[in-house]
Amino acid sequence: MLPTSLSPVHSSSLYSPSLFPFSPFPSSSSSSSFSSFSSSSVSLEPSSHRLCSLRLYNNAHLRITYKSNGLKLNCSLKEPLKVMISGAPASGKGTQCELIVRKFGLVHISTGDLLRAEVSSGTEIGNKAKEFMNAGRLVPDEVVTAMVTARLSREDAKENGWLLDGYPRSFNQAQSLQSLKIIPDVYIVLDVPDEILIDRCIGRRLDPVTGKIYHLKSFPPETEEIKARLITRPDDTEEKVKSRLEIYKQNADAISTTYSHIMKKIDGNHPKEVVFEVIDSILSQVQKDKETKMKLGKSNPSTSVQDNWRGIPTKLNNIPHSRDIRKYFYEDVLQATQRAINDGRTRLKVEINIPELNPEMDVYRIGTLMELVRSLALSFADDGKHVKVCVQGSMGEGALAGMPLQLAGTRKILEFMDWGEYEAMGTFINIGSIGGKEVDEQDDLFILVAPQNAVGNCIIDDLRAMTDAAGDRPVILINPRLKDLPASSGIMQTMGRDKRLEYASSFENCYFFRLLYYAGTQYPIMGALRMSYPYRYELYKRVDDPSGKEKYVILSTFPEKPSTDEVNDAFEGKPRNESKKALGFWGFLSGIF
């Protein structure tokens with residue numbers, strides 16, 4: 001049974017230092033000395049002739065530091081590209097790899113070449129691969145992935161960038177690379193019609209003397225003598241080509257689910273020069289974007305697994321959570337929120353449904369929610385920002401009053417909490433309610449505690465008034481539930497519903513965490529879904545080690561929050577493009593996810 005119940009539980013290394021004299025009026029020889037920096041941006045400000053120290057940082061900047069007033073030289077090297085390329089047999093992938101390497105200087109990494117090199121060198125990985133090859137079996141994914149990882153870790157690949165050719169070839173291989181933080185900037189796919197590919201293959205001929213490949217139509221041999229000795233390769237028959245194409249398509253579809261957000265599909269049924277013009281344009285733009293992000297100091301949104309993230313903590317079904325687990329989630333939320341605000345995002349929401357904060361369970365610890373709010377508020381206050389913490393009060397009056405969930409007394413709890421020794425409360429942090437009148441000129445950002453609709457009442461009007469008054473100042477919703485709830489007359493469900501839902505959707509997730517269970521249960525935990533701005537949604541599976549310990553292993557990533565069916569397909573290892581109609585439990589759960 002699959003986990004269909006998506007219940008909301010729950011400085012770069014120094015490379016080469018040197019010293020060199022620099023003249024403000026360079027001669028022809030000094031100009032030529034800068035030819036190696038043709039790909040760099042250089043800005044000069046004339047000044048006196050001084051010595052400067054030069055440090056070249058791997059994958060970063062050329063940094064010049066002067067010991068006295070001298071020329072200021074800012075030289076930024078190109079960010080190394082990380083490229084994957086895929087294509088069916090005879091799609092022209094090998095030719096395009098040669099052109100890419102020639103233009104961009106990337107290290108070309110082919111698993112076939114790697115395999116032969118490791119085996120011939122007699123390395124530990126090579127010997128292990130040889131055992132399988134001698135037995136007529138496929139080399140396991142973990143062995144091939146280890147080879148690729150080792151090659152990518154070498155200095156030339158780090159410094160110059162890399163072009164990974166024809167790998168990964170399966171969904172599991174792609175996910176293994178993701179978990180190892182080997183993530184490309186772009187995934188290029190050469191798309192050629194089947195009939196063209198078959199014609200290219202069955203028309204190929206090999207010269208056994210020179211090893212040169214010819215084609216009877218498009219690239220015939222130069223002489224009759226060469227033509228007479230040409231042979232057909234064993235795998236270039238029509239039957240075998242069709243079989244290889246089918247296998248390639250199945251693997252390519254599975255892999256594309258991992259790289260869909262960075263995939264560039266190119267029509268390969270054109271002359272090689274035309275195809276490369278398109279590839280050249282794509283890679284040049286990707287490189288330009290990387291350099292821009294590097295200058296701005298922004299994170300790369302295409303990265304799925306964050307470098308300094310510690311992974312999902314274990315034993316999350318144990319309630320109450322330990323302080324370490326609570327602190328872990330507070331820090332995780334804080335980092336995502338800070339990144340979003342630093343990137344200029346102003347309408348944010350945090351959805352963190354660890355078991356203690358799941359209102360559908362028998363325990364809803366308001367103290368845990370308030371600790372999270374305090375952690376966020378104090379952190380922003382430490383940066384000198386004035387924070388308004390707004391708690392949702394009763395909506396309506398008298399018999400029409402409505403208080404959602406367990407929020408009664410929340411404001412009092414906040415007022416009595418420990419806000420540190422520096423008197424942040426009352427100076428940098430103030431408590432208010434949700435509404436336009438609560439927005440003061442000195443407020444820099446607003447944290448809204450659990451804004452939710454109650455039966456027969458809607459918070460969205462008050463919330464909209466507040467965001468209108470806040471303007472471009474950040475507003476952060478903590479665990480909002482802004483879906484319409486029924487009133488006794490049913491009026492709330494119909495009047496203005498579209499506009500209310502449109503407004504609610506204008507807030508973007510900067511953090512999302514949800515545990516996954518069997519349908520209709522809250523135990524055992526099957527996995528988790530997590531998103532931390534600006535990264536993708538990451539789907540994890542919980543597994544038990546033989547020692548009895550548990551861990552979370554990444555299964556897939558998604559550019560948007562996945563549906564229940566997409567989660568189930570990932571657990572089964574199915575390609576995402578297999579559409580199916582949700583039935584029974586599946587249909588119900590996909591609706592509430």
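The values are calculated or read from the model by the stated rules, or taken from the named source; none is laboratory data. Just so it is clear, the model here is predicted, and its values are computed rather than measured. Note: ideal-geometry Cβ built from the backbone for every residue, glycine included; neighbour counts use all protein chains shown. Only protein heavy atoms, including side chains, enter the accessible area calculation; ligands, DNA and RNA are left aside. Shrake-Rupley method; radii C 1.70, N 1.55, O 1.52, S 1.80 Å.
Structure data summary
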| item | result |
| --- | --- |
| Pairs, first modelled with pLDDT under 85 and among the basic types (Lys, Arg) in segment 315-331, second assigned to a loop (DSSP other than H, G, I, E, B) and crowded, with 17+ Cβ neighbours inside 10 Å, C-beta under 9 Å, six or more apart | Lys315/His321 |
| Those residues of segment 459-493 which are open to solvent by 20 Å² or more (accessible area, probe 1.4 Å), of a type in the set (Val, Ile, Thr) and at pLDDT 85 or above, in sequence order | none |
| Top-ranked residue in segment 533-563 [being of a type in the set (Lys, Arg) and in a loop (DSSP other than H, G, I, E, B); ranked as farthest from the chain's Cα centre (by Cα)] | Lys549 |
| Subset of segment 307-332 [crowded, with 22+ Cβ neighbours inside 10 Å and within 18 Å of Ala377 (Cα to Cα)] | Phe329 |
| Single residue of Val144, Val139, Val107 found to be open to solvent by less than 50 Å² (accessible area, probe 1.4 Å), touching a strand residue (DSSP E or B) at 6+ places or on another chain (Cβ under 7 Å) and within 25 Å of Cys97 (Cα to Cα) | Val107 |
| Number of the exception - Ile247 against (1) open to solvent by less than 80 Å² (accessible area, probe 1.4 Å); (2) among the hydrophobic types (A, V, I, L, M, F, W, C); (3) at pLDDT below 90 | (1) |
| Subset of segment 81-135 [among the basic types (Lys, Arg) and within 32 Å of the chain's Cα centre (by Cα)] | Lys82, Lys93, Arg102, Lys103 |
| Failed item, numbered, when Trp419 is tested on (1) modelled with pLDDT under 85; (2) open to solvent by 40 Å² or more (accessible area, probe 1.4 Å) | (2) |
| Strands (runs of 3 or more DSSP E) contained in segment 127-230 and holding at least 2 residues among the charged types (D, E, K, R) | 204-206 |
| Evaluation of Thr223 against (1) at pLDDT 85 or above; (2) in contact with a helix residue (DSSP H, G or I) (Cβ under 7 Å, 6 or more places away or on another chain); (3) of a type in the set (Ser, Thr, Tyr) (one fails), failing number | (2) |
| Residue that is open to solvent by 50 Å² or more (accessible area, probe 1.4 Å) and closer than 28 Å to Ser86 by Cβ, where the choices are Thr210, Thr232 | Thr232 |
| Ser153 over 27 Å from Glu246 (Cα atoms) and at pLDDT below 85 | no |
| Residue pairs meeting the criteria (Cβ under 9 Å; at least 6 apart or on separate chains; first open to solvent by less than 60 Å² (accessible area, probe 1.4 Å), in segment 251-274; second of a type in the set (Asp, Glu) and assigned to a strand (DSSP E or B)) | Ile266/Asp191; Gly268/Asp191 |
| Check on Lys217, under 27 Å from Ile109 (Cβ atoms) and open to solvent by 20 Å² or more (accessible area, probe 1.4 Å) | no |
| Residue identified as buried (at least 18 other Cβ atoms within 10 Å of the Cβ) and farther than 16 Å from Leu316 by Cα among Arg542, Arg500, Arg530, Arg514 | Arg500 |
| Residue, modelled with the lowest pLDDT, within segment 251-309, restricted to residues that are of a type in the set (Lys, Arg) and assigned to a helix (DSSP H, G or I) | Lys295 |
